[in-house]
Structure formats: structure tokens, C-alpha cells
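Every number here is computed from the coordinates shown, using simple stated rules; none is lab data. This is a predicted model, so every value here is computed, not measured. Cβ sites come from the backbone with ideal geometry, for glycine too, and all protein chains shown count toward neighbours.
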Amino acid sequence: MTRKQREAGNLELIGGRLCLDLTNTVSTRLKSLRREYLTCYDDFLEWSLHAGILTDLDAQRLRREAARRPVEAKAVLDQAIAIRETIYQIFAAIVHQRAPAMADIAALNSALTQALARLQVVPSGKDFEWQWVQDRRALDAMLWPIVRSAADLLTSADLRRVRQCARREGCDWLFVDATKNHSRRWCSMSMCGSIDKARRYYQRKRATRRAKA
């Protein structure tokens with residue numbers, strides 16, 4: 001059986017946090033190998049449905065709304081990609097023990113201000129809970145929980161567990177290392193782990209042949 005082609009609606013959700021899963025909606029930042037999975041607003045809808053942000057009814061409603069407002073839908077897609085790259089730059093810097101650019105932190109805070117304006121406390125039985133404001137016309141509703149996820153991760157103990165796939169030449173996906181001994185190196189052992197191990201095996205075999213020549 002052949003592996004199903006990667007698309008926005010079936011990408012591996014290996015980030016461990018919603019914000020990191022969003023950063024992984026492009027194959028790599030290397031231009032020569034780059035494949036963008038969010039090429040249109042509908043891709044963003046499909047990914048959001050896959051990631052559990054939207055229900056089927058939500059996605060259908062927003063798809064109809066986007067068809068009526070295509071210019072705004074395109075602007076939301078551009079905004080989503082911009083936020084994705086901001087989040088990626090922040091966490092990639094932290095992974096490599098660099099201070100994130102203040103411009104990126106400012107951009108995240110600006111998006112966070114807009115997102116949190118849509119968050120409210122509502123009764124839940126005898127208790128209360130956070131809930132996003134229901135706005136059937138909000139084409140950017142998927143961005144709100146993503147931005148909050150980034151802020152929550154930045155202020156959590158798990159921040160120091162954020163890693164980047166060790167197969168850097170073809171993948172720069174981010175993930176939270178939840179292993180007990182903090183030993184996870186690849187976004188996925190079945191994907192990049194196998195490729196990286198095969199590459200290193202080939203390099204060792206070639207070095208052995210050269211040594212014997």
C-alpha cells in the first residue's frame with residue numbers, strides 16, 4: 001500500500017502543541033525543498049478541522065462564508081502564514097538557545113491581544129470555563145486558539161522541551177519532547193528517523209569502502 005500524499009488535511013500532528021503543529025504546515029524552510037501545505041483558505045480550513053479546532057459544521061459554514069468574501073479569506077490565509085512564521089522563528093530561536101527577535105515577540109503579542117478579546121468566561125454546570133466567542137462570520141476564528149497555544153507554551157515548563165527535527169537538511173519541524181529521558185531527536189521515527197538512519201548507514205558503508213581501497 002502506498003503512503004497517502006501529504007496534504008493540509010492529513011498532515012502528521014506531531015508537535016504536541018497546537019501552535020507547533022501549525023509551524024509544521026510547511027515541509028521545510030529550505031527554498032529548494034520547501035513545500036507549502038497552506039496554499040489557499042480551504043487548506044487552512046482542512047488543517048483546522050484535522051487539528052480539532054473546527055467541527056465539520058464550523059468548516060462548512062466558514063467555507064460558505066469564504067466563498068462570499070474571497071478577498072477577506074485570502075487576507076486571513078496570509079495572516080495565518082505570517083503568524084505561523086512568527087511562532088516558528090520564536091521557538092526555533094529558543095531551541096538553538098538564542099533570544100527571539102523582539103519584533104517577533106511584538107507580533108505575537110499583537111495577535112494575542114486580538115485573540116484574547118474573543119475569549120470569555122461562561123458557566124459550565126456549577127463551575128465556569130473559558131470559551132471562545134461564537135462569531136459565525138469570523139473567518140479568522142481558527143487563529144485565536146493557535147495564538148493562545150503559543151503564549152501558553154512560552155510561559156510553561158514545557159518550553160525547555162521544545163525540539164527541532166534532527167534531519168535538518170529536509171525537515172525543520174518542531175515538537176515537544178515528552179519522553180522521560182528527553183531523547184527524542186526526530187519529528188517522527190517512521191519518517192525522518194528512518195531517513196536519517198539510512199543516510200548515516202550509507203555514509204558509514206561508503207567510508208568503509210574508501211578505507212579499504
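Odds and ends about this structure:
- Cross-link reach list, aspartates and glutamates versus residue 180, counting only Cα pairs under 18 Å and skipping chain neighbours closer than eight places: 158
- The magnitude of the dipole of region 8-212, with charges of +1 and -1 set on the Cβ of Lys/Arg and Asp/Glu and taken from the Cα centre, is near 1680 debye.
- Net charge of neighbours whose Cβ lies under 13 Å from the Cβ of residue 183, counting Lys and Arg as +1 and Asp and Glu as -1: +4
- Extension gain, residue 119 back to residue 185 (0.36 nm per residue minus Cα-Cα distance, nm): 20.2 nm
- Calculated log₁₀ intensity ratio I(q)/I(0) where the Debye formula runs over C-alpha points of the chain, q = 0.13, 0.14, 0.17 Å⁻¹: -0.81, -0.92, -1.27
- Cα gyration tensor, region 1-47 - rounded (a/c under 1.5), prolate or oblate: rounded
- Counting only Cβ charges, +1 for Lys and Arg and -1 for Asp and Glu, the dipole size of region 1-125 around its Cα centre is about 220 debye.
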